[in-house]
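To start, the structure itself, in structure tokens.
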Amino acid sequence: MVSEVRDVGPGPFGSGQQAAPIAVGEQAAMPSGEEAVDRGEALRVEGVSKSFGLVQALVGVSLSVHHGEVVALVGDNGAGKSTLIKVISGVIAPDEGALYVNGERVVVRSTNDAAACGIRTIYQDLALADNLDVVENLFLGRELFRGVGPLRRVDFGAMRQRTAAVLSELGIGTIPDSRALVAQLSGGQRQTVAVARATLDNCPILLFDEPTASLGLKEAHNVIELVRRLRAQGTAILIITHNMRQVFEVADRIVVLHLGKVGAVFRTSSTTHEAVVKAIMGKAS
Ligand SMILES: Nc1ncnc2c1ncn2[C@@H]1O[C@H](COP(=O)(O)OP(=O)(O)OP(=O)(O)O)[C@@H](O)[C@H]1O
Ligand SMILES: [Mg+2]
């Protein structure tokens with residue numbers, strides 16, 4: 001049985017290191033240096049449960065992500081990570097539980113509801129429109145226009161320029177032509193389009209479901225750099241990855257899901273790979 005923990009958020013400025021995982025009733029110490037500014041809670045998930053028939057994908061899951069914080073959500077295949085992200089982003093209705101954005105209870109029944117709450121998601125199963133080109137995918141549902149009234153037109157020029165800027169900001173040089181249909185792109189190229197799409201409008205809360213899974217080394221590095229930049233701008237980021245190196249590179253805290261439950265919560269600066277891996281496997285540390 002894994003240790004029982006609760007999610008405590010970054011808390012106030014603190015001193016010293018905590019033994020990992022962060023145990024019930026303890027306050028988590030802020031890590032030192034650049035991360036030591038608590039900008040308040042952006043997202044809180046409380047007591048979320050979801051079953052698919054006999055499969056209990058999530059059982060009373062609670063966690064929080066603060067503004068300017070990266071929380072890694074880790075766990076074995078089937079632990080419930082994607083299901084949780086889908087609940088937060090309005091794709092799946094939970095059986096129980098509540099979501100809070102900036103401390104306010106919100107009801108999210110669709111991805112539009114989530115977007116209205118400032119939540120944007122990059123899904124593991126990418127959800128791009130194959131028959132549209134890169135620019136159209138980036139701006140799908142939020143096209144740029146110029147002119148007014150009957151003269152109002154989609155501004156393809158502005159959308160192309162913005163696409164080029166976003167792709168270059170992401171350091172993406174592997175998409176030769178932003179007019180290419182997404183169906184013609186490689187898996188990694190599609191993933192970079194999905195990342196670019198999610199970061200286009202500076203959403204305050206970003207959920208990433210394995211954003212680097214099929215990326216090459218350089219692109220994966222660029223995505224991690226982007227996550228760092230977004231955090232510095234105050235974005236709250238919940239990121240699923242199986243890549244432990246990335247977890248330790250980028251996350252402030254690590255939430256481990258095991259068989260649909262929060263098995264442990266760690267402060268990255270005061271834990272080890274070994275402790276996290278043990279929690280992922282459901283072993284007490
Ligand atoms: N739509 C669905 N219908 C039925 N069962 C589902 C559905 N979605 C997820 N599940 C089940 O819920 C459990 C959790 O799945 P989920 O996709 O959340 O896992 P995960 O942690 O994201 O795993 P992975 O690391 O492999 O992506 C699994 O047992 C899965 O089979
Ligand atoms: Mg998944």
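Of the candidates 235, 272, the single residue that is surrounded by fewer than 17 Cβ atoms within 10 Å (Cβ to Cβ) and assigned by TED's automatic domain parsing to the domain that holds residue 65 is 272.
Close contacts from the stretch 235-246, counting a first residue that is more than 12 Å from residue 203 (Cβ to Cβ) and a second that is in a helix (DSSP H, G or I) and of a type outside the set (A, V, I, L, M, F, W, C), with Cβ to Cβ under 6 Å and a gap of 6+ residues or different chains, come to 240/81; 244/273.
Which of the residues spanning the stretch 201-227 are touching a residue at least 60 places away in the same chain (Cβ under 8 Å) and surrounded by fewer than 15 Cβ atoms within 10 Å (Cβ to Cβ)? Listed by number, the list holds a single entry, 201.
Which of (1) within 16 Å of ligand 2 (Cβ to nearest atom); (2) more than 22 Å from residue 275 (Cβ to Cβ); (3) modelled with pLDDT of 95 or more is the odd one out, the single condition residue 82 does not satisfy? Among (1) within 16 Å of ligand 2 (Cβ to nearest atom); (2) more than 22 Å from residue 275 (Cβ to Cβ); (3) modelled with pLDDT of 95 or more, residue 82 violates only (3).
Within the stretch 93-126, being farther than 21 Å from residue 204 by Cα and either outside the structural domain of residue 238 (by TED's automatic domain parsing) or of a type in the set (S, T, N, Q) (or both) holds for one residue alone: 125. If the condition is being under 24 Å from residue 229 (Cα atoms) and at pLDDT below 85, then the stretch 126-160 contributes 126, 142. Considering (1) away from ligand 2 (no atom under 13 Å from the Cβ); (2) closer than 17 Å to residue 213 by Cβ; (3) at pLDDT 95 or above, the lone condition that residue 106 does not fulfil carries the number (2).
Scanning the stretch 27-76 for residues that are at pLDDT 95 or above, surrounded by fewer than 14 Cβ atoms within 10 Å (Cβ to Cβ) and over 22 Å from residue 96 (Cβ atoms) gives no hits. Looking only at the stretch 179-197, residues that are surrounded by fewer than 19 Cβ atoms within 10 Å (Cβ to Cβ) and at pLDDT 80 or above come to 5 in all. Taken together, 90, 141 contain a single residue that is in the same structural domain as residue 178 (by TED's automatic domain parsing) and without any contact (Cβ under 8 Å) to a residue 40 or more places away in the chain, which is 141.
For the stretch 258-269, check the following and say yes or no: at least one residue is surrounded by fewer than 18 Cβ atoms within 10 Å (Cβ to Cβ) and away from ligand 2 (no atom under 16 Å from the Cβ). Checking the stretch 258-269: not a single residue is surrounded by fewer than 18 Cβ atoms within 10 Å (Cβ to Cβ) and away from ligand 2 (no atom under 16 Å from the Cβ). If you go through the stretch 161-173 one residue at a time, do you hit one that is closer than 29 Å to residue 102 by Cα, in a helix (DSSP H, G or I), modelled with pLDDT of 80 or more and not assigned by TED's automatic domain parsing to the domain that holds residue 80? Yes: the stretch 161-173 contains one or more residues that are closer than 29 Å to residue 102 by Cα, in a helix (DSSP H, G or I), modelled with pLDDT of 80 or more and not assigned by TED's automatic domain parsing to the domain that holds residue 80. Restricted to the stretch 93-123, and to residues there that are buried (at least 18 other Cβ atoms within 10 Å of the Cβ), within 16 Å of ligand 1 (Cβ to nearest atom) and part of a loop (DSSP other than H, G, I, E, B), the residue that is farthest from the chain's Cα centre (by Cα) is 94.
The values are calculated or read from the model by the stated rules, or taken from the named source; none is laboratory data. Because the structure is predicted, anything quoted here is derived from the model rather than measured. In this analysis, Cβ positions are derived from the backbone assuming ideal geometry, glycine residues included, and neighbour counts consider all displayed protein chains.
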